[in-house]
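K.L.:
Below is the structure I would like to discuss, written out as structure tokens.
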Amino acid sequence: MKGSLDYAKTREKQQKRKMITKAITYVFLGIWAIVVLFPFYWMLLSSFKSYGDYNAETVPQFITLNPTVENYIIAFTSVPLLDYFLNTLIFTVATTAIMMIVIIPAAFAFSRMNFRGKNTLFVLFLSLMMIPNELVIITNFVTITEFGLRNTFTGLILPSVTSVFYIYLLKENFAQIPDELYYAAKVDGTGDFKYMMNVMVPICKPTIVTITILKVIECWNSYVWPRLITDDEDYFLVSNGIQQIRENGFGRENIPAMMAAVVVISVPLIILFLVFRKKIMAGVARGGTKG
């Protein structure tokens, strides 16, 4: 009887300890969520404040009683923001599509095909990740300039159509597929390309979707290379357009309108992440699992 009471008390203490630990964890996560999300809230709030109300605030106001969409009208009418969107869409779709055409066969070759010097070549290929990005940008800039591709979509797209990291990530996923499937397919007379497209790509679809989404986000946020290779507004991406607005447009004076432009540019990526967040996490988790 006494043993049962002692066990019940111990069990109760453990449950209380777990509840306290869980409560502290949730409080900490809640505070951290507020810290992370507050800049987005402030950006959105500022975009709905009028220019007069924003400048009249001596103490920051965390709500607005007179929201307005005037800032969004200014963002679209004062600068060619829609053109920036179209340029970014072309750049993002073309770069991502070409990159997938490049990295999938490369990952397949390193993971499944046997040829002399494969491991050495792959090690050398991975060593490219050790080269500072600044050196790569300088080399790419010289090359693109010498070929006369500045201020063209070709010049924007070409340096971004491959990624050592994405090839490595996809290669590790392909390597997890049992060899027996490959040998069985070869017995049935299936070619390497057909096996890659009909077997390996569908099995590794979560990782491929993850890579695609990450590349889209990378292209959408691209700033340094487009800023370096283009000085013609006809080829500005949204990131460069925002910088142009801040430097030479209304961004220096009309902060609410500037925030409206930033909101418009940020919304597609936020929606993309929210829609595919589970696939992103599943793909990353699969990429980090071996065997």
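K.L.:
Can you tell me what the convex hull of the Cα atoms of the chain projects to on average, as an area in nm²?
P.N.:
Averaged projected area of the chain's Cα convex hull equals 26.0 nm².
K.L.:
For the chain, what does -39500 (n - 2.57) per DSSP helix run (n ≥ 4), summed and divided by total residues, give at 222 nm, in deg cm²/dmol to the nearest 500?
P.N.:
-24000 deg cm²/dmol
K.L.:
Moving to a separate point now. Cut-off is 10 Å between beta-carbons; in what order do MET196, MET43, MET100 appear when sorted fewest neighbours first?
P.N.:
MET43, MET100, MET196
K.L.:
By per-residue mean of other Cβ atoms within 10 Å, what is the highest-first order of 239-245, 128-134, 185-191?
P.N.:
Most protected by this proxy first, the peptides run 239-245, 185-191, 128-134.
K.L.:
For region 83-114 and region 181-234, what is the separation of their Cα centres, given in Å?
P.N.:
5 Å
K.L.:
In whole Hz and in residue order, list the ³J(HN,Hα) couplings for region 198-213 that follow from phi through the Karplus curve 6.51 cos²θ - 1.76 cosθ + 1.60, θ = phi - 60°; x for Gly and Pro.
P.N.:
Once rounded to whole Hz, the list reads 8, 10, 6, 4, x, 5, 9, 4, x, 5, 5, 4, 4, 4, 4, 5.
K.L.:
Can you compute 3J(HN,Hα) from phi for each residue in region 119-124, using the Karplus curve 6.51 cos²θ - 1.76 cosθ + 1.60 with θ = phi - 60°, rounded to whole Hz and x for Gly and Pro?
P.N.:
5, 5, 4, 5, 4, 4
K.L.:
Now a separate question. Kindly state, as a whole number, the per residue volume in cubic angstrom of the convex hull around the alpha carbon atoms of region 4-132.
P.N.:
Considering the Cα atoms of region 4-132, their hull volume per residue is 326 Å³.
K.L.:
Then there's this: Can you give the translational diffusion coefficient of region 189-268 in µm²/s, computed by Stokes-Einstein from the Kirkwood radius over Cα pairs at 4 °C and 1.567 mPa s?
P.N.:
D = 83 µm²/s.
K.L.:
Test of the criteria: in region 23-132, which trypsin sites (Lys or Arg not before Pro) are in a DSSP loop and have at most 15 other Cβ atoms within 10 angstrom of their Cβ?
P.N.:
ARG116
K.L.:
If you don't mind, there's one more thing I want to ask. Using the Karplus curve 6.51 cos²θ - 1.76 cosθ + 1.60 with θ = phi - 60°, what ³J(HN,Hα) values do you get for each residue of region 253-269, in whole Hz, with x for Gly and Pro?
P.N.:
Taking θ as phi minus 60°, the curve returns 9, 9, 4, x, 5, 4, 5, 5, 5, 5, 4, 4, 6, 7, 4, x, 5 Hz for region 253-269.
K.L.:
Order the peptides 199-207, 265-273 from the highest to the lowest mean number of other Cβ atoms within 10 Å of their residues.
P.N.:
199-207, 265-273
K.L.:
Further question: Using Cα pairs under 8 angstrom and six or more residues apart, how large is the relative contact order of region 79-287, in percent? Display every interim value, and only then the final one.
P.N.:
Numbers: 168 pairs, mean separation 71.0, N = 209.
Averaging sequence separation for qualifying contacts and normalising by length gives 34 percent for region 79-287.
K.L.:
May I have the convex hull volume per residue, in Å³, for the Cα set of region 123-278?
P.N.:
161 Å³
Bear in mind these aren't lab numbers, they're just calculated from the coordinates by the rules spelled out. Being a predicted model, the structure only gives us computed values, none of them experimental. All Cβ positions, even for glycine, are placed from backbone atoms using ideal geometry, and neighbour counts span all protein chains on display.
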